[in-house]
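The values are calculated or read from the model by the stated rules, or taken from the named source; none is laboratory data. Bear in mind the structure is a predicted one, so any value in this text is a computation, not a measurement. Because the Cβ atoms are built from the backbone with ideal geometry, glycine has one as well, and the counts that use them run over all protein chains shown. Heads up: the accessible areas ignore ligands, DNA and RNA and are worked out on the full protein's heavy atoms, side chains in. Shrake-Rupley method; radii C 1.70, N 1.55, O 1.52, S 1.80 Å.
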Amino acid sequence: MIRIFELKNIISIKDFERQDIEYILDEASKLEDVAKSREISEELKGKILGLMFFEPSTRTRMSFETSMKRLGGECIGFESSGSSSVSKGESIADTAKMFEGYSDALVIRHELEGVSKFISDIVDVPVINAGDGAGQHPTQTLLDLYTIKKEIGEIDNLKIALIGDLKYGRTVHSLSNALGLYKNVTIYLVSPPELKMPDEVLHDVNKTNITLKEATSIEEIIDDVDVLYVTRIQKERFGDIDEYLKIKGAYIINKKMLEGKDLIVMHPLPRIDEIDGDVDDTKYNKYFTQAANAVPVRMAILKTLIKNNPK
Ligand code: CP
């Protein structure tokens, strides 16, 4: 029995078994034609998705909205605390209860780890974590895995470098957890000392069969990997701006260093300066494809979750 049919909320990728992930990736593959054809299906006609974005987003919010609309459903919501009554002092709990009354499922992004889980405990509709602070970003991981499988052919036997902000980067936390479900994976951790992968994530990874290696420069690992997964140094997570300025620009990928290599470059985006613009027009650039893959993958997630949990 695939557990995904019993899953009500998507809070952490750690709630997934490999077969749950494979189910979503297969469903996404089937939905790719609808996503690309710009057609509208009627799978979720009459359903409403509530988008509660307390923290800024371009890709996650827009792709959830696009996915819901392509499935024939509709969206309501806000894109910052400032455009909701939270700015007048309303609690997150009261706001969530309002959305529960208006929507068939909720998508939540918040700067604090644990907010999606908290809301999932007080509402009856499915809740999807769209990024909680430095915690998890499970639906990003599903689209990352979809991209890897499409571009490389398989996820087993993967050699991937996670580069940049491994401390606060929720996408690399979720992705590391998910890769633990696959065979013969090697992860190279490349970060400044101040932004190393947190102990709790390393603890989880060390319980799996993943081979973990640490490196201090991209040059050390570039000939060994299938994927360079680059992340932004997140200015908004630093209390002290001087600490951010010391680290900013620590790892930059450009076209010259990629020439002759057999790899792809991924990035959850947004990027600042960590991937030079001259990579955009090369075969190595898979970060824009990765962002576009969000639509079939999030369509698969919404279809599965909303159909299996009718209000
Ligand atoms: N990848 C991602 O989460 O991007 P946004 O912050 O724009 O949603």
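Numbers for the structure displayed
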item	result
FRET efficiency estimate (nearest 0.05) - Cβ-Cβ, D280 to D240, R0 35 angstrom	0.60
Residue order for Y168, Y229 - accessible surface, 1.4 angstrom probe, largest first	Y168, Y229
Per-residue SASA entry for K213, accessible area with 1.4 Å probe, Å² rounded to 10	90 Å²
Net +/- balance of residues flanking P193 in space, Cβ distance below 13 Å, scoring K and R +1, D and E -1	-1
Residue of K117, K196, K150 that the Gaussian network model of the chain assigns the largest fluctuation, springs spanning Cα pairs under 10 Å	K150
Listed peptides 35-41, 152-158 by packing density, highest first (mean Cβ within 10 Å)	152-158, 35-41
Cα centroid separation - segment 240-311 against segment 173-205, whole Å	17 Å
Cut-off 13 Å, label 7 Å out along Cα→Cβ of K307, residues of segment 1-24 by amide N	5, 24
Rounded if a/c under 1.5, otherwise prolate or oblate - segment 231-311, Cα gyration tensor axes	oblate
The chain: angle of helix 18-37 to the longest principal axis, Cα-based, in degrees nearest 10	80 degrees
Rounded accessible area per residue of the chain, 1.4 Å, Å²	44 Å²
Helix-only mean residue ellipticity at 222 nm for the chain, each DSSP H run of n ≥ 4 adding -39500 (n - 2.57), per residue, nearest 500	-11000 deg cm²/dmol
For segment 47-52, 3J(HN,Hα) per residue [Karplus equation, 6.51 cos²θ - 1.76 cosθ + 1.60, θ = phi - 60°, Hz, x = Gly/Pro]	9, 10, 9, x, 9, 10
Selected from D281, D273, D144 as most flexible by GNM, with the chain as the system and alpha-carbon contacts under 10 Å	D281
Peptides ranked, highest mean first, by Cβ atoms within 10 Å: ranges 95-101, 3-9, 203-209	95-101, 3-9, 203-209
